[in-house]
Amino acid sequence: MTSIWKWASFAVLQALAWTALAQAYPTKPIRLVVSFPPGGTVDLVARIVQPRLSEALGQPIIIENRGGAGGAVGTEVVARSAPDGYTLLLTLSSHTINPMLYKLGYDVERDFAPVSLVVSVPQLIAANPSAPNTLRELIAAAKARPGFYAYASPGNGTPGRHGRRADRACRGHRACRPGIGPLGKAAGARRDHAEA
């Protein structure tokens with residue numbers, strides 16, 4: 001019976017210690033670095049999560065967009081910040097793709113600790129209502145008119161871009177990818193250069 005009380009006492013003391021530590025954080029505002037520009041999926045998720053996260057933690061959450069290089073620019077900002085929990089990174093799976101594409105000033109495994117999966121975002125194809133109605137019809141139309149159809153992706157190193165490149169490799173056709181930011185791509189896809 002004594003050993004049960006010792007273990008119970010130990011568990012209670014541990015819980016109290018962790019509670020005391022948890023109450024000490026956060027004591028100041030938290031910077032949430034979004035590794036993509038305003039208006040894209042990652043930014044929208046940050047702005048949806050920010051009010052509740054701020055309320056739950058009792059501190060302001062300051063969103064800082066640092067887009068570029070498929071998320072690598074913002075990720076490097078966080079990698080170089082103090083490892084004190086007051087600078088957080090919100091990014092997407094390009095975090096694990098970028099080491100294969102770029103020479104980075106950080107190591108994604110050594111310099112980061114995962115905190116939480118915030119959201120799972122599907123990849124999808126959306127088109128103007130006058131475009132072909134099915135994916136099969138769209139592929140046939142793209143094959144019939146190489147370089148005519150445009151598509152948008154957030155850029156190099158992003159899942160949307162790699163999904164399109166894999167699809168193109170499997171189907172053997174070309175499409176144009178506009179060279180403008182996420183909102184511009186969605187709003188007015190220009191057909192200004194083709195991808196091989």
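Ranked highest first by average number of other Cβ atoms within 10 Å, how do 106-117, 56-67 line up?
Going from most to least packed, we get 56-67, 106-117.
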ask   = How much accessible area does LEU124 have with a 1.4 Å probe, in Å² rounded to the nearest 10?
value = 130
query = LEU32's amide H: which non-local residues (gap 5+, or another chain) put their own amide H closer than 5 Å, with H modeled 1.01 Å from N in plane and none for Pro or chain starts?
reply = ILE62, ILE63, GLU64, LEU88
Approximate shape of segment 75-155 as ellipsoid semi-axes (Cα gyration tensor, √5λ), whole Å, largest first = 39, 15, 10
request  = With an 8 Å cut-off on Cα pairs and a minimum separation of 6 or more residues, tell me the relative contact order of segment 54-158 in percent.
outcome  = 31
Sorted largest first, extent of segment 30-94 alpha carbons per principal axis (Å) = 33, 27, 17
remark   = Note, segment 91-99: 3J(HN,Hα) by Karplus (6.51, -1.76, 1.60, θ = phi - 60°), whole Hz, Gly/Pro = x, goes 9, 10, 5, 4, 4, 9, 8, 4, x
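The values are calculated or read from the model by the stated rules, or taken from the named source; none is laboratory data. Predicted model only: the values in this text are computed from it and were never measured. Note that we place each Cβ from the backbone using ideal geometry, even for glycine, and neighbour counts take in every protein chain shown. Keep in mind that these areas ignore ligands, DNA and RNA; they rest on the heavy atoms of the full protein, side chains included. Shrake-Rupley method; radii C 1.70, N 1.55, O 1.52, S 1.80 Å.
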